[in-house]
Amino acid sequence: MTTTQPLAERFPGLDPPLAAQLEQAAALGLPSLAELTPAQARDRVRAGDAAVPAGPDMRAVTEQAIRPAGIPVRRYEPYELSAAAAVVWFHGGGWVTGDLNYSDQICRLIAQAAGAEVISVDYRLAPEHRFPAAVQDGLAAARWVAAGGAGRPPGPILLAGDSAGGNIAAVCAQQLASDPQVTLAGQLLVYPVLDDDTSRDSYRRNGGVVLGAREMSWFFDQYCPAGDRGSPLFAPLRAPDLAGLPATVIAVAGHDPLCDEGAAYARALAGAGVQATLLDYAALVHGFLRFTAISPAAAAAARELAQAAARLARAS
C-alpha cells in the first residue's frame, strides 16, 4: 500500500463524498498545518467557515463579553424555548485556531432542536495564551451562564464542544461536577481530545485522512508544555475518579486518529457508574461538522448530535 493510492482504497469504508473532497484538497499540495505559523493556520481554518452551510434562523443572535474577564460569547436564542438547561459550547481548532464562526451551524442546530439557549465561548487561543488559559475561560463561562449571566435565569447547563472544544467541555465537567453553585445537565463531546497518546491504534489506522500524529503533536506543543500533559486539566482521560459526572454523549468518527480515546473515555465513564452513550460514525472523519455541505452523512450526524443535545438539555 502506498500513499499514492486513492483515499477510498487506503481507508475502506470512508464516506465517498468526503473521500472525493479530501482528494481534491490533497491535490492542491498545501503544506500541513504543522508547517504553518499559528496565524497562517488560523487563516486557513477561517477560510473554511464559508463552506459550512448556515444553520436555522434564530429569534436572536447576540454577542457580548463576560465581565470582568472580557471573554467574548455569542448567544443563540431559538424561537421556542422548552429546555431547562442552557448549552455552553466550545469550538474546535486545536486550541490554536477557531472562533465564534467556527461552530455557528451546530450551535444553531442545537438551539433549534433542544429549544435551548446556546452560548458559544470564544476562549483564548494558544500559543499566545497557553494551558490552562482555555480551561480557565471555559470555567468562567460555565459558571457565568449557570449563575444567569447570559440574561437568563440561573439554572442547569449542558457542556458541549468538538475536538479541542470537547476537551475543554470534558475538563470543565470534571471540575464543576462537585460545585454546589453549578448544576450540570450533561456533556456532549464531539470527537474530543482526551489525551496526548499518539501511540493509540487509531493514530496508526487513520493518520493521513485529515490529520495525524504530526499535526496533533503540533497542536499539543502550541497549547501545553510537555510536563503538564499528565494533568486531568489537559487530559481528562487521566482523571483518577470519574464518579459523579453527568450523563454524557461522546461522538467519535471511524476515520479519526482520536476515535480510540473517545471510546476509552466512554468505557471509563460507564465503569465509574456514569450514564455514557457512544455514537460511532464509522464512515466519517475528524472535523466532520465542517463537511456538512458536501457529505450527507456528516449533515445527518450533525442533526443527530443536535437531537442528542436536546435529550440531555430537556432531561435536566
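Here are the numbers for the structure shown:
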quantity: Accessible area per residue, Å², the chain with all protein chains present, probe 1.4 Å; calculated: 39 Å²
quantity: Projected-area mean, segment 162-226, by convex hull of Cα positions, square nanometres; calculated: 5.4 nm²
quantity: Additional length obtainable on full extension of the chain from ALA270 to ALA20, 0.36 nm per residue less Cα span; calculated: 86.3 nm
quantity: Magnitude of the charge dipole, the chain, Cβ model with Lys/Arg +1 and Asp/Glu -1, debye to 20; calculated: 420 debye
quantity: Peptides 65-71, 245-251, 196-202 ordered by average Cβ neighbours within 10 Å, highest first; calculated: 245-251, 196-202, 65-71
quantity: Sites ALA243 and ARG311, calculated FRET efficiency, Cβ-Cβ separation with R0 25 Å, nearest 0.05; calculated: 0.65
quantity: Using a Förster distance of 51 Å, the FRET efficiency for ASP197-GLU80 (Cβ separation, nearest 0.05); calculated: 0.75
quantity: The chain: most fluctuating residue of ALA253, ALA113, ALA47 per GNM, C-alpha cutoff 10 Å; calculated: ALA47
quantity: GNM top mover of ALA84, ALA226, ALA147 - the chain, alpha-carbon springs below 10 Å; calculated: ALA226
quantity: Alpha carbon centroid spacing (whole Å) that separates segment 69-100 from segment 195-233; calculated: 25 Å
quantity: Most fluctuating residue given options LEU184, LEU233, LEU14, as computed from a GNM of the chain linking Cα atoms under 10 Å; calculated: LEU14
quantity: Estimated FRET transfer efficiency when R0 is 22 angstrom, pair ASP280-ARG204 (beta carbons, to 0.05); calculated: 0.75
quantity: Whole-number percent relative contact order across the chain, with pairs defined as alpha carbons under 8 Å at least 6 apart; calculated: 20 percent
quantity: Whole-angstrom Cα spans of segment 67-131 along principal axes, big to small; calculated: 39, 25, 15
quantity: For ALA251, distant residues with modelled amide H under 5 Å away; calculated: LEU189, VAL190, TYR191, LEU279
quantity: Folded to 0 to 90 degrees: helix 38-47 orientation relative to the chain principal axis, Cα; calculated: 90 degrees
quantity: Gyration tensor (alpha-carbon) shape descriptor, segment 195-246, a/c threshold 1.5; calculated: oblate
quantity: Square roots of five times the Cα gyration tensor eigenvalues for the chain, Å; calculated: 29, 21, 19
quantity: Shape category assigned to segment 239-315 from the gyration tensor of Cα positions, a/c cut at 1.5; calculated: oblate
quantity: Nearest-ten-degree value, helix 259-271 long axis tilted from longest Cα axis of the chain; calculated: 40 degrees
quantity: Estimated distance in nm for a label pair at GLU35 and ALA54, the labels positioned 7 Å out from Cα along Cα-to-Cβ; calculated: 3.7 nm
quantity: Three-way shape call for segment 5-109 based on the alpha-carbon gyration tensor, with the a/c threshold at 1.5; calculated: oblate
quantity: Segment 174-249, dipole about Cα centre (Lys/Arg Cβ +1, Asp/Glu Cβ -1), debye to the nearest 20; calculated: 240 debye
quantity: Positive-pole candidate from THR292, GLY92, PRO180, dipole of the chain, charges at beta carbon; calculated: PRO180
quantity: Cα pair distances exceeding 23 angstrom across segment 70-214, given as percent; calculated: 33 percent
quantity: Extension reserve of the ALA263-GLU9 stretch, reckoned as 0.36 nm per residue once the Cα distance is removed; calculated: 88.9 nm
quantity: SER217-ALA300 pseudo-label distance in nm [points 7 Å out on the Cα-to-Cβ vector]; calculated: 3.7 nm
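The values are calculated or read from the model by the stated rules, or taken from the named source; none is laboratory data. The structure displayed is predicted, hence computed values, not measured ones. Backbone-built Cβ (ideal geometry, glycine too); neighbour counts: all protein chains shown. Accessible surface areas use protein heavy atoms only, side chains included; no ligands, DNA or RNA. Shrake-Rupley method; radii C 1.70, N 1.55, O 1.52, S 1.80 Å.
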